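K.L.:
One structure, as structure tokens, below. Some questions next.
Nothing in this text is a laboratory measurement; each read-out follows from the coordinates by a stated rule. For clarity, every value in this text was computed on a predicted model and none was experimentally measured. Methodologically, a virtual Cβ is constructed for each residue, glycine included, from the backbone with ideal geometry; neighbour enumeration extends over all protein chains shown.
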Amino acid sequence: MSNLSIPTFTVVGHPNKGKSSIVATLAQTDQVAISQRSGTTEHADRYEINMPSGKLVLVDTPGFQRPFKALKWLESHVKDASDRANTVAMFVASPECQAAFPDEVRLLSPVVAGSAIIYVVDGSRPYGPEYEFEMEILRWSGQPRMALINPIENEMYIEQWQNALGQYFNSVKVFNPMTAEFDKQNALFRTFAHLNENWQEQLNNISNDLQTRRQNQLLHSASILEQLLRDVCSYSVAQKVLSKSQANTLALPLKLQFEQWIKQREQDAFNQVLSVYQHQNTALSGDELTFPPNLFEVEQWYLWGLNKQQLIAATALTGAMGGATLDIVTGGSSLMLGALGGGAVGAFGAAIFPNKIASMKIKGLKTGGWNASHGPMKNANFPYVILGRFLYFHKQVCNLNHANRSALSLSSQDFQKMVSNMESDLKKSLNVACDKLVKQRPPKDLRAILTQVMKAF
Ligand SMILES: Nc1nc2c(ncn2[C@@H]2O[C@H](COP(=O)(O)OP(=O)(O)OP(=O)(O)O)[C@@H](O)[C@H]2O)c(=O)[nH]1
Ligand SMILES: [Mg+2]
């Protein structure tokens, strides 16, 4: 029986059956090498799961290469059944075996040292007697052991595997490291707790800690979202120049600078979320944040922000009816803004339609010279666009298993539907909060509202 004080589980099996994938998902780290190539893992690599109540170790190993010959060696050296675990230890210590069976020695070393065993097989491939040699070796070790059936391509042979594995292992579970949700992962730690009673309390505590960490990750993400919204809704750029014509030439560069900053700020927030979920190496591709060319273009943001009806309802709800609503109703074609160019938009636009545009403004300064500025964003839909993108991004990251190394793509989703389904009190609080954000009066309870929205999503 195991004598280690830190719960330790060695993941073993045939090459290329998802051993490393299981370690990566359970340890929530993308530091584990995973690839299609058989023989990717060459050494026994330890990964620690450190939690407030203690730690757990997962050992990733190379696959069995010569289990038949290794078993023959064991059989020829064992005295009787009581001597089996001892013979496995001899095997690991023997220089002859280290030379002849390097992979078997590496994978059995942590087992001999007191680790429990997690044996991994592929449920989409049939069971065959060739697996019996390695299962027999694992049984000889006498260590507590369970088997995981990884349905790599499909679930075709699961039942067959269950029948075979049940004879060699204390517990047999189906576990897909690419898709298993957090609750399923955490349930597995509770199964581990049953393997060795000395570790039971520690493992149950670790499982509770994992649950708490999951909740904290969401709270942390809500605070990242809050700061993002505050920052992008209040952001503006300005430059002082000597003449009005110089100020006019700044319209485009200031706009670009403004938009670039906001895109970068969003990217930073996404990176922070990746780091909260220990997904630093995950690449992100997909729709970039766009800025509508027209002052109140709802269509282009339709996929992320609110649709027209929702925006009208939101505006009505917050009692901020006015020019903005009128403009939505007329389909976004502005009443007079199109006729006014450059600086004039700044001079009148912001005053006439105070609730909707991020415009270029040119102001004469008392001290002489001119000030050209762009922003903050006045479009009432803007906070919703940022919010929608963040929510979808967060959902993908928090559901991305660490065995899955594909890039995340942030594509358009049905954000309007999600807002429609939101409980009405929450919808109202959110509308008020978004309205206040674009009016530069961010509400005190913004974080609490966003946390609720994230939980509801
Ligand atoms: N679709 C799918 N692919 C999987 C799953 N598990 C593993 N794979 C893929 O199978 C390949 C091998 O996975 P690894 O986790 O590296 O397997 P391993 O057993 O550690 O392999 P070695 O270290 O070479 O012995 C990789 O390409 C994985 O992405 C799964 O559940 N579903
Ligand atoms: Mg591996």
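K.L.:
Taking all pairs of distinct Cα atoms, average 1/r, flip it, and tell me the Kirkwood hydrodynamic radius of the stretch 379-424 in Å to one decimal place.
P.N.:
Here the Kirkwood hydrodynamic radius works out to 12.1 Å.
K.L.:
Taking the Cα centre of the chain as origin, sum charge times position over the Cβ atoms of Lys and Arg (+1) and Asp and Glu (-1), and report the length of that vector in debye to the nearest 20.
P.N.:
2180
K.L.:
Which of the listed residues, Pro102, Ile118, Thr87, is farthest toward the dipole's positive end in the stretch 74-140, when Lys, Arg count +1 and Asp, Glu count -1 at the beta-carbon?
P.N.:
The residue sitting most towards the positive pole is Ile118.
K.L.:
Divide, for the stretch 1-144, the radius of gyration over alpha carbons by 2.2 N^0.38 Å, where N is the residue count.
P.N.:
In units of the 2.2 N^0.38 Å rule of thumb, it is 1.03.
K.L.:
Let's test this: bin the Cα-Cα distances of the chain at 10 Å from zero up to the farthest pair and state each bin's percent.
P.N.:
That works out to 4, 18, 22, 16, 12, 11, 9, 5, 2, 0, in percent per bin.
K.L.:
Please find the FRET efficiency linking Lys363 to Thr179, where r is the Cβ-Cβ separation and R0 is fixed at 60 Å, and quote it to the nearest 0.05.
P.N.:
E between Lys363 and Thr179, to the nearest 0.05, is 0.60.
K.L.:
Now, a different point. Which whole-number percent gives the relative contact order of the chain, counting Cα pairs below 8 Å spaced six or more residues apart?
P.N.:
16
K.L.:
Looking only at the chain, where both bridge partners belong to it, what percent of the DSSP beta bridges are antiparallel (to the nearest 5)?
P.N.:
45
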